[in-house]
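Heads up: the structure comes next, in structure tokens.
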């Protein structure tokens with residue numbers, strides 16, 4: 001048995017033991033009680049349900065009409081966080097409908113972690129692995145060393161598709177940390193820093209904002225980031241292209 | 001093995017239904033893409049020695065869909081899929097040809113664990129190949145036969161992704177998950193009927209156009225290849241890839257049409273989300289300008305863009321090759337010195353579609369005419385309806401469609417007009433029946449037509465002008481341009497004269513377009529393109545990017561950018577010169593295949609119009625020339641080629657490449673120097689080795 005296989009099997013056992021043994025009771029209790037977690041006060045044993053959580057100090061917003069669907073952000077995310085190019089491990093998912101031919105602008109779905117004001121993923125985590133990082137602008141993060149792979153954060157995510165990501169090799173969850181903990185990101189991340197997805201987007205369809213967007217629907221996160229229309233001319237070759245109507249149309 | 005590879009190549013024999021695997025490491029010396037595809041073609045189709053390589057529809061034809069190590073690693077534009085095989089489209093005979101297509105097919109292959117797919121044999125009934133990670137099956141495709149490319153891809157997507165709701169759910173595949181859809185390359189009805197004018201279609205507008213490889217799929221009863229994968233690609237320096245990308249975008253803001261972005265191979269020059277009308281927004285210019293409608297002289301396809309998109313959709317749905325069936329292209333310009341047929345107004349790409357209208361106008365083609373036009377409604381030539389009927393006639397081989405299905409020049413030949421219209425310059429196809437794209441005055445582009453198998457589709461040197469082309473007026477002098485460029489073309493960086501485009505008098509032979517200096521420019525173009533665009537599969541519209549209009553001088557990011565990407569992904573210790581040398585190896589591999597198929601110096605000739613006034617289509621702009629010891633820009637819209645000059649150039653080029661100057665065949669010394677002794681042995685056994 002290879003080391004990596006052995007590691008995987010051990011992790012599977014961890015998860016299974018957790019689910020069928022004491023962990024299951026803990027998890028069930030945690031889910032019922034909605035255990036909150038923060039970096040300072042995360043405690044899976046705590047039954048105290050917080051009425052509210054400190055808001056994240058930054059949010060990722062996007063322009064679904066401007067986005068090219070090129071998935072640059074996905075590669076930047078998995079490269080800087082996991083050190084591999086793997087879209088399935090990207091914390092931002094750009095879902096292209098090609099080849100199923102939904103018409104613009106519904107042909108691309110942009111799935112970013114919303115850093116929810118009321119983060120269910122944090123609430124339901126039985127081990128405190130999913131926590132609020134108060135030392136870094138209250139980002140909702142996952143500490144994989146504490147994750148037991150119960151997937152409750154994934155099941156509880158109210159977004160479709162869910163924004164918490166399942167790592168099928170490590171058998172743990174992960175999620176957007178605004179690049180605060182990205183080991184292969186050579187720039188400062190977090191709410192006061194830069195994000196790999198934002199920086200690599202070729203059309204500037206992603207942006208970090210400080211104010212919490214409207215939480216009720218996607219409109220709060222799907223915003224107009226289009227620059228002023230740019231006229232392109234071809235000298236000696238006729239009229240310029242018509243100005244964009246909106247966004248990147 | 002270097003990083004960036006999946007490690008294995010899928011091999012499918014449709015005759016025996018055998019599904020096998022090739023170890024990628026065996027072909028690592030050829031980089032990837034066309035390099036590996038050509039080397040595999042050599043081993044599977046040439047070495048056995050039982051096939052003369054003449055019939056593209058022979059079940060022994062081996063068609064490969066290959067990725068490169070950069071695909072699926074986040075390198076912008078690095079995700080193209082290279083295709084090579086004996087191509088049915090070329091004239092007067094099928095030739096070994098390579099092309100490529102963008103989109104997400106190559107990277108999805110990598111995520112499924114494959115560096116490429118190699119297909120040979122012929123299924124006894126329609127099939128499609130279904131790749132889901134390691135699981136590969138040959139599926140019954142009878143219900144797909146006859147569907148257009150959109151319908152076929154939708155059917156396959158439903159079969160693979162089942163009830164997974166687009167944009168709302170992760171699809172579970174084994175233990176893994178993905179939000180992606182299967183990536184599919186397929187053919188439409190035009191490919192099914194084994195025409196020579198069919199493309200491979202991927203998604204709603206991406207196509208492998210040149211070569212007519214849709215017909216090869218059709219000949220194998222292969223409707224489609226679908227792939228979905230959930231894995232990842234290990235890279236040597238993940239931070240280095242991201243850093244390189246940021247270095248590019250921060251230092252060279254938008255210096256080409258293509259945005260310096262994209263994880264796959266999009267967007268193209270039009271951006272693949274300008275799809276606010278119909279689906280054709282993913283298409284490249286070839287599809288977009290396939291339908292023209294009416295246009296004013298000198299005007300680039302203006303008017304209602306959505307109509308152009310609808311035209312593109314027709315071409316893509318039917319899977320017709322917009323390259324082989326060009327109706328005129330993007331623009332028509334006044335050219336007083338053009339052959340008589342054009343009456344002073346020449347469309348940029350006068351192909352099959354344009355030619356039948358020309359014959360109609362001179363009374364040679366039409367209802368009841370010498371060339372019966374049924375079922376084409378020639379009086380509706382400039383309508384979308386005509387395009388639909390045109391595709392249908394070719395796909396079903398009805399009436400004139402039977403002639404056109406066999407290819408442009410084959411049809412012209414059958415109609416008895418080939419010699420006359422070739423010699424008159426009415427047929428503006430530079431070589432091998434390949435339609436005009438760009439060419440003169442960019443002589444490297446022109447020369448590539450004859451030494452390869454038609455249009456090289458490589459814009460690398462196209463923009464090196466003093467203005468008047470796509471780039472607008474130059475902001476630099478000819479001397480500055482040449483000085484900047486010379487530093488980039490290692491190992492020929494000691495010879496600035498390679499950039500002199502002098503075409504008149506003694507200068508043309510001494511320092512200009514027929515000189516040994518120009519041979520180096522062509523050699524570098526083929527080596528660079530062979531490695532970075534065809535093996536590393538980087539979109540050639542994105543890179544190379546030699547010239548910048550940014551504030552930091554005129555030097556663009558190439559070739560440093562692509563070399564940095566290559567190192568970051570693979571971890572290779574090679575120098576840039578080493579990579580160019582690998583490009584030379586790939587170029588010689590291709591050459592060996594072509595020689596085995598019968599290529600000889602005598603065949604490498606231009607169509608007559610290239611030697612006549614009016615050969616240049618006037619959007620190439622002015623070119624740098626070295627005259628009387630000084631560099632300057634010269635307007636070369638009147639450039640045409642001297643026959644003796646081209647012959648002298650061929651001699652210089654063969655000599656530089658280490659090929660026999662009488663035959664154009666590689667010598668043993670050259671091949672062994674490149675580590676290709678076995679190739680030399682096979683050529684020798686068939687008496688095709690250069691002296």
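The values are calculated or read from the model by the stated rules, or taken from the named source; none is laboratory data. Model, not experiment: these values are computed from the prediction. Cβ atoms come from the backbone with ideal geometry, glycine included; neighbour counts cover every protein chain shown.
Taking the listed residues B:65, B:53, the one that is away from chain A (no Cβ under 14 Å), in contact with a helix residue (DSSP H, G or I) (Cβ under 8 Å, 6 or more places away or on another chain) and part of a loop (DSSP other than H, G, I, E, B) is B:53, with no other qualifying. Restricting the range B:117-156 to residues that are more than 13 Å from chain A (Cβ to nearest Cβ) and on the phi > 0 side of the Ramachandran plot leaves a set whose member that is surrounded by the fewest Cβ atoms within 10 Å (Cβ to Cβ) is B:146.
Where in the range B:162-209 are the strands (runs of 3 or more DSSP E), entirely inside, with at least 2 residues that are facing chain A (nearest Cβ under 8 Å)?
Correct list: B:176-178, B:183-186.
Of all the residues in the range A:105-145, those that are in contact with a helix residue (DSSP H, G or I) (Cβ under 7 Å, 6 or more places away or on another chain) and surrounded by fewer than 22 Cβ atoms within 10 Å (Cβ to Cβ) number 1.
Among residues that are modelled with pLDDT of 95 or more and under 21 Å from residue B:99 (Cα atoms), residue B:206 is not included. When residue A:83 is tested against (1) surrounded by fewer than 24 Cβ atoms within 10 Å (Cβ to Cβ); (2) touching a residue at least 24 places away in the same chain (Cβ under 8 Å); (3) within 14 Å of chain B (Cβ to nearest Cβ); (4) in contact with a strand residue (DSSP E or B) (Cβ under 7 Å, 6 or more places away or on another chain), exactly one condition is not met: (4).
One line per residue, one yes/no per condition, for (1) more than 7 Å from chain B (Cβ to nearest Cβ); (2) without any contact (Cβ under 8 Å) to a residue 60 or more places away in the chain; (3) in a loop (DSSP other than H, G, I, E, B):
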{"residue": "A:76", "(1), (2), (3)": "no, no, no"}
{"residue": "A:91", "(1), (2), (3)": "yes, no, yes"}
{"residue": "A:115", "(1), (2), (3)": "yes, no, yes"}
{"residue": "A:122", "(1), (2), (3)": "yes, no, no"}
{"residue": "A:150", "(1), (2), (3)": "yes, no, yes"}
{"residue": "A:169", "(1), (2), (3)": "yes, no, yes"}
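Do any helices (runs of 4 or more DSSP H) lying entirely in the range B:612-691 carry at least 2 residues that are more than 28 Å from the chain's Cα centre (by Cα), and which ones are they? Those helices (runs of 4 or more DSSP H) span B:668-673, B:677-685.
Flag not set for residue B:542, criterion: buried (at least 21 other Cβ atoms within 10 Å of the Cβ) and over 19 Å from the mean Cα position of the chain (by Cα). Only one entry in B:111, B:105 is within 14 Å of another protein chain (Cβ to nearest Cβ), under 23 Å from the mean Cα position of the chain (by Cα) and under 30 Å from residue B:242 (Cβ atoms), namely B:105.
Say we look at the range B:467-485 and pick out the residues that are at pLDDT 80 or above and assigned to a loop (DSSP other than H, G, I, E, B); which of these is surrounded by the most Cβ atoms within 10 Å (Cβ to Cβ)? Break it down stepwise before answering.
Of all residues in the range B:467-485, those at pLDDT 80 or above come to B:476-485.
In the following step, the residues that additionally are assigned to a loop (DSSP other than H, G, I, E, B) were identified as B:476-477.
Values: B:476: 17, B:477: 15.
By that ranking, first place goes to B:476.
The numbered conditions (1) touching a residue at least 24 places away in the same chain (Cβ under 8 Å); (2) not in a helix (DSSP H, G or I) are all true for residue B:21 except (1). Among the residues in the range B:223-237, are any assigned to a strand (DSSP E or B), away from every other protein chain (no Cβ under 13 Å) and touching a strand residue (DSSP E or B) at 6+ places or on another chain (Cβ under 6 Å)? Within the range B:223-237, one or more residues are assigned to a strand (DSSP E or B), away from every other protein chain (no Cβ under 13 Å) and touching a strand residue (DSSP E or B) at 6+ places or on another chain (Cβ under 6 Å).
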